[in-house]
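Everything below concerns the one structure shown next.
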Amino acid sequence: MFFDGELEFMDGDHTFTAVAVDFTHAPKGIRHGFKNRRIYAARLLFIYTPAGLEQLMLDHSTPTRAGETPPPVDDDMIARAEQVIQRSKTIMLP
């Protein structure tokens, strides 16, 4: 994943801050996640290998719109996230 902005990233038991132009690798089977703890937008680029998971994400996500704040999480968004979790055979941890 490549970053623009600043994100708090959790990789296994290790938490660190990733900033613009950083790269991190999250191997399959390792607990990982990220949060934007700043008031400014951040971007990241996911690269999936082997390919396939990215289409599942696209099928169940809502495209962003330039200059607009993302909508709040609603029941429909939660249902789509649950479909991705189930179909990708991942485990969502707190």
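Conditions (1) in contact with a helix residue (DSSP H, G or I) (Cβ under 9 Å, 6 or more places away or on another chain); (2) loosely packed, with under 11 Cβ neighbours inside 10 Å; (3) of a type in the set (D, E); (4) in a strand (DSSP E or B), marked per residue:
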{"site": "T15", "(1), (2), (3), (4)": "no, no, no, yes"}
{"site": "A18", "(1), (2), (3), (4)": "no, no, no, yes"}
{"site": "H25", "(1), (2), (3), (4)": "no, yes, no, no"}
{"site": "F34", "(1), (2), (3), (4)": "no, no, no, yes"}
{"site": "A41", "(1), (2), (3), (4)": "no, no, no, no"}
{"site": "L44", "(1), (2), (3), (4)": "no, no, no, yes"}
{"site": "I47", "(1), (2), (3), (4)": "yes, yes, no, no"}
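Can you tell me how many residues in segment 3-13 are under 23 Å from I85 (Cα atoms) and either at pLDDT below 85 or part of a loop (DSSP other than H, G, I, E, B) (or both)?
2
Taking interchain pairs and intrachain pairs at least six residues apart, which have beta carbon atoms under 8 angstrom, with the first residue in segment 31-58 and among the polar types (S, T, N, Q) and the second not in a strand (DSSP E or B)?
Close Cβ pairs (under 8 Å, with a partner that is not in a strand (DSSP E or B)) amount to N36/G5; N36/A42.
Do you know which residues across segment 53-76 are in contact with a Ser or Thr (Cβ under 8 Å, 6 or more places away or on another chain) and within 26 Å of G12 (Cα to Cα)?
L53, L56
Pairs please, first residue from segment 66-84 and outside any loop (DSSP other than H, G, I, E, B), second anywhere and surrounded by 10 or more Cβ atoms within 10 Å (Cβ to Cβ) and not β-branched (V, I, T), Cβ atoms under 6 Å, 6+ apart in sequence or on different chains.
R80/H60; Q83/H60; V84/L56; V84/H60
Could you tell me which of the residues L56, L93 is loosely packed, with under 10 Cβ neighbours inside 10 Å, modelled with pLDDT under 85 and under 15 Å from the mean Cα position of the chain (by Cα)?
L93
The values are calculated or read from the model by the stated rules, or taken from the named source; none is laboratory data. Please read these numbers as outputs of a predicted model, since none were measured by experiment. So basically every Cβ, Gly included, is an ideal-geometry build from the backbone, and we count neighbours across all protein chains shown.
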